[in-house]
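K.L.:
Quick one: the structure is below, and I'll ask about it shortly.
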Amino acid sequence: ERFWEAADLIVRAWETHDGPFSWEGKYFHHRQVNIWPRPYQQSGLPVWIPTQSTSTAIEAAERGYTLATILNGMKGCKRIFDAYRSRSEEIGTTVGPDKLAYLGLVYVGETEREALDGGRRLQWYLQNNKVADQFMNVPGYLDVHARASMLRDAAHGRAPRSPLADVIDSSVEDLVDAGLFFVGTPEQVVEQVIRFHGAVGGFDHFLAMVQAGTMATDMVNRSMELFAEEVLPRLRREFTPSSDLASAAAA
């Protein structure tokens, strides 16, 4: 509740242009709110919010924010996107794929062997990016079911369990199958993105994490070049309506 009230206050401060306003909420009390300098963009400020929970997806849908998610694969991503779509439908708003984003860990290689080596380097992020125990179960941060599970573990003397515990030791191939990694030759990565896109019901924004741990600059740069030169053009052709392609060609 505190987070969402803060978000609402911030957005109103950004978008109010007809003088100061007062805010009397449950958690925040401010008189004569009048920020300066104002945002360069005067209205319709795009707000994105990342999450791994359906409860946040519902709140984001109510505010029309763009929803982004990471590291939950096809099943988890679809569950979160569906929660956003369902809430939007309930409140009578139209939600397009431009309001949805997914971040995948990406490595593109010239050969499958080269790509798998890059994918194993990306695994550093899953295996070594640790969260301290005191930050694993902060009240109000997790949805009620996840928090209840952690409280049960604590009651039995078990340490808090990482949300990534099920995938930390998975193979790169399994991570690709699950939709957490997009790793392979350009052709394979294109197919992986298309398969993922269809499985979760569509989205417009594909974000890519291409570096982790001790990956060398040359290694990362080559993967990025292959993604930009060989993967992106094919994805644009796949997901851009033919009429739009014709207009772009004419321009």
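The values are calculated or read from the model by the stated rules, or taken from the named source; none is laboratory data. The structure displayed is predicted, hence computed values, not measured ones. Backbone-built Cβ (ideal geometry, glycine too); neighbour counts: all protein chains shown. Just so you know, the surface numbers come from the protein's heavy atoms only, side chains and all, with ligands and any DNA or RNA stripped out. Shrake-Rupley method; radii C 1.70, N 1.55, O 1.52, S 1.80 Å.
K.L.:
How many residues does the stretch 205-241 contain that are at pLDDT 95 or above, more than 19 Å from residue 179 (Cα to Cα) and assigned to a loop (DSSP other than H, G, I, E, B)?
P.N.:
0
K.L.:
Still on this structure: With a cut-off of at least 3 residues that are surrounded by fewer than 15 Cβ atoms within 10 Å (Cβ to Cβ), name the helices (runs of 4 or more DSSP H) lying wholly within the stretch 68-187.
P.N.:
So the answer is 73-90, 112-122, 124-128, 144-155.
K.L.:
If you don't mind, another one. Tally the residues that are within 24 Å of residue 139 (Cα to Cα) and either touching a residue at least 24 places away in the same chain (Cβ under 8 Å) or open to solvent by less than 30 Å² (accessible area, probe 1.4 Å) (or both), restricting the search to the stretch 7-17.
P.N.:
Number of matching residues: 3.
K.L.:
Quick test of your reading of the structure: residue 226 fulfils all but one of (1) of a type in the set (A, V, I, L, M); (2) over 24 Å from residue 100 (Cβ atoms); (3) surrounded by fewer than 17 Cβ atoms within 10 Å (Cβ to Cβ). Name the failing condition by number.
P.N.:
Going through (1) of a type in the set (A, V, I, L, M); (2) over 24 Å from residue 100 (Cβ atoms); (3) surrounded by fewer than 17 Cβ atoms within 10 Å (Cβ to Cβ) one by one, residue 226 breaks only (3).
K.L.:
Collect the residues in the stretch 28-67 that are among the β-branched types (Val, Ile, Thr) and either within 11 Å of the chain's Cα centre (by Cα) or open to solvent by less than 60 Å² (accessible area, probe 1.4 Å) (or both), keeping them in residue-number order.
P.N.:
Once the filter is applied, which keeps residues that are among the β-branched types (Val, Ile, Thr) and either within 11 Å of the chain's Cα centre (by Cα) or open to solvent by less than 60 Å² (accessible area, probe 1.4 Å) (or both), the stretch 28-67 yields 33, 35, 47, 49, 51, 54, 56, 66.
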